[in-house]
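Dumping the structure here so I can ask a few things about it.
The values are calculated or read from the model by the stated rules, or taken from the named source; none is laboratory data. As the structure is a prediction and not an experimental result, all values here were calculated from the model. These accessible areas exclude ligands, DNA and RNA; they are computed on the full protein's heavy atoms, side chains included. Shrake-Rupley method; radii C 1.70, N 1.55, O 1.52, S 1.80 Å.
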Amino acid sequence: MSLATASARNTSGSGRIIGTLILVQMAGGVLVNLVLTAPLFGEPGFLVNAAAHSQQIGLSVLLGLAVEAIFIAIAITAFPVFYQHSQALALWFVALAVVNLSVAAVENMSVMSMLSLSEAYAKASAPAHDQFQALRVVVGSARNWAHYLARVLDGGTLFVLYAVLYRFALVPRALAAFGLMAVTLQVTAVAMPVFGHPVVFLMLAPLGVSQLALALWLIAKGFRSQTVPASAHSDS
């Protein structure tokens, strides 16, 4: 087997691994955000609901961290392939994945604070319940702002991913271009609360479609293998 053939197989294999990781991350994200953390956001609110679902919320924290850690697994798997094309973008991808996990840790610490406050509320006497309302706003807001920041960083990480895929045609450029557009919409949507507007959830849908399409393409085809000029390795 020639070195070129071996390199092509490794490149394709890395793409298939990343496609599988993306599917796992998507499934985990749905489970965390739509199922496990549901008691935090359903009526009458986390102050009343969370204590009765402490194990479920604790599981959501552990799984949420694991879901974000998948970005690091993707970045490490992609690094040898991306590094051949752009050292800077490969390093940026890894760095953003690490920052993502750090911010996710802050977000999930806030979730545990919500649970702790709910447990204290459940143990308190009825006359003392009013004292928890101000704390409810503070603790809930801390989690929400950390969540928005984490989602913006998710978008930044995915933007670098799609930018590399587009620039070096590692997947069909139409697919990568759609991903760039979808990420831009996602970041815009989750940044809206910073400017006093609610999140437009419809703007998040294209990214879900893009991620699913990318994952299926990579599992089926892997990355496209290309000969990289030596001068390209140290580009921007």
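Using only alpha carbons, build the gyration tensor for segment 1-160 and give me the equivalent ellipsoid semi-axes, biggest first, whole Å.
41, 15, 9
Let me ask something else about it. Hey, can you find the accessible area per residue of the chain for me, probe 1.4 Å, expressed in square angstrom? Can you show the working numbers first?
Values: 11730 Å² over 236 residues.
So the chain comes to 50 Å² accessible per residue, rounded to a whole number.
Give the Rg (one decimal place) followed by the Dmax (whole number) of segment 13-77, computed from C-alpha coordinates and expressed in Å.
14.6, 48
Something else: Once Rh is set to the Kirkwood radius over Cα pairs, what Stokes-Einstein translational diffusion coefficient, in µm²/s, holds for segment 122-236 at a temperature of 10 °C and a viscosity of 1.306 mPa s?
Here the translational diffusion coefficient equals 93 µm²/s.
Evaluated at 10 °C with a viscosity of 1.306 mPa s, what Stokes-Einstein diffusion coefficient in µm²/s does segment 58-110 have when Rh comes from the Kirkwood expression over alpha-carbon pairs? Numbers along the way, then the final one.
Details: Rh = 11.6 Å.
So the translational diffusion coefficient is about 137 µm²/s.
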